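Structure first, then comments.
Each value in this text was obtained by applying a stated rule to the coordinates, not by laboratory testing. Computed from a predicted model, the values in this text were never measured in an experiment. With ideal geometry, Cβ positions are generated from the backbone for all residues, glycine too; neighbour counts draw on all protein chains shown.
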Amino acid sequence: MSKSHPLRIRHGDYSFIKGSVLDIGCGPDAIKLDPPSSVRGWDLPDGDAQYLASIDDKTFDCIVSAHCLEHVMDPAIALQNWSRVLKEGGYIYALTPLYSAYEKFRDFKFGSQHAARFNPDHKTSWDIVSCPRPLNHEHYDYKRIVEIGKKAGLHLVDLRMELDGFHWEKWNDSDFDSTMHGGLAQLCIIYQKI
């Protein structure tokens, strides 16, 4: 998440990311926070991020998840469980690839020869804008992001595109992955548990 750090500072996101924090999908590189905040990483060896089965209800002040939500089979169930382990008033800070800038609206199907171009484990796509519904995967636009949040007892606080360093000159090159060349192409979603 090091490329996202300057954006979190610029947007004041560290006002949400504090206290007891669960970093879902962090691998060996959980987010670094100053005391008194504490961070627990969660990745595949810990269990399924969709369920967080071994975590008690209302344990964390904040959940951070960078580029994990698009990998779970059912993001609505994931958000219900993420909300379950979040304390009242706590925040979910999630980053996902921005469909319009990352896959450039290319349809994909997990587990097939038509898997997502840059990461074949992607199961869903996310964007702030509505687009024609893809035939082969679930797409989450603004309305669906609000809807699945509400069903999980979450209020949408912020939703924004983050495109710092994006290589606009390569926009029409469908095989060019700007994120592999220092650019960002992600959606930032911030929910609060109500």
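Using +1 at the C-beta of Lys and Arg and -1 at the C-beta of Asp and Glu, which of Gly25, Leu52, Ser174 has the Cα lying farthest in the positive direction of the dipole of the chain?
Sorting the options by dipole projection puts first Leu52.
Leu159 to Arg117: extension gain in nm, 0.36 nm per residue of separation minus the Cα-Cα distance? Provide the component values of the computation, followed by the final result.
Numbers: separation 42, 0.36 × 42 = 15.12 nm, distance 2.47 nm.
Difference between extended and current length: 12.6 nm.
Let me know the charge dipole size of segment 91-180 about its Cα centre in debye, to the nearest 20, where only the beta-carbon of Lys, Arg (+1) and Asp, Glu (-1) is charged. Please list the in-between numbers first.
Numbers: 12 positive and 14 negative charges, 90 e Å.
For this selection, approximately 440 debye.
Just give me a number: lysine pairs in the chain, eight or more positions apart or cross-chain, with C-alpha atoms less than 21 Å apart.
26
Quick check for me: using +1 on Lys/Arg Cβ and -1 on Asp/Glu Cβ, what's the dipole size of segment 2-193 about its Cα centre, in debye to the nearest 20? Provide the component values of the computation, followed by the final result.
Working: 22 positive and 27 negative charges, 86 e Å.
Charge dipole of segment 2-193: 420 debye, to the nearest 20.
According to a simple spin-label model (label point 7 Å from Cα along Cα-to-Cβ), what is the distance in nm between Asp43 and Lys151?
3.0
Listing Val64, Val39, Val157, Val129 from the residue with the fewest other Cβ atoms within 10 Å to the one with the most, what is the order?
Details: Val64 29, Val39 17, Val157 14, Val129 11.
Least crowded to most crowded, the residues run Val129, Val157, Val39, Val64.
Determine the gain in length on full extension of the stretch Glu169-Ser130; use 0.36 nm per residue of separation and subtract their C-alpha separation, reporting nm with one decimal.
Details: separation 39, 0.36 × 39 = 14.04 nm, distance 2.38 nm.
Between Glu169 and Ser130, full extension yields an extra 11.7 nm.
If I stretch the segment between Thr59 and Lys18 completely, what's the gain in nm (0.36 nm per residue apart, minus their alpha carbon distance), one decimal? Let's see the in-between values first.
Values: separation 41, 0.36 × 41 = 14.76 nm, distance 1.33 nm.
Taking Thr59 through Lys18 to full extension adds about 13.4 nm, to one decimal.
For a paramagnetic label modelled at 7 Å from the Cα of Lys109 toward its Cβ, which residues of segment 55-86 fall within the zone defined by backbone nitrogen distances under 11 Å?
The answer is none.
Where does each of Trp171, Trp126 land when they are ranked from fewest to most other beta-carbon atoms within 10 angstrom?
On the way: Trp171 12, Trp126 26.
Listing Trp171, Trp126 from fewest to most nearby Cβ atoms yields Trp171, Trp126.
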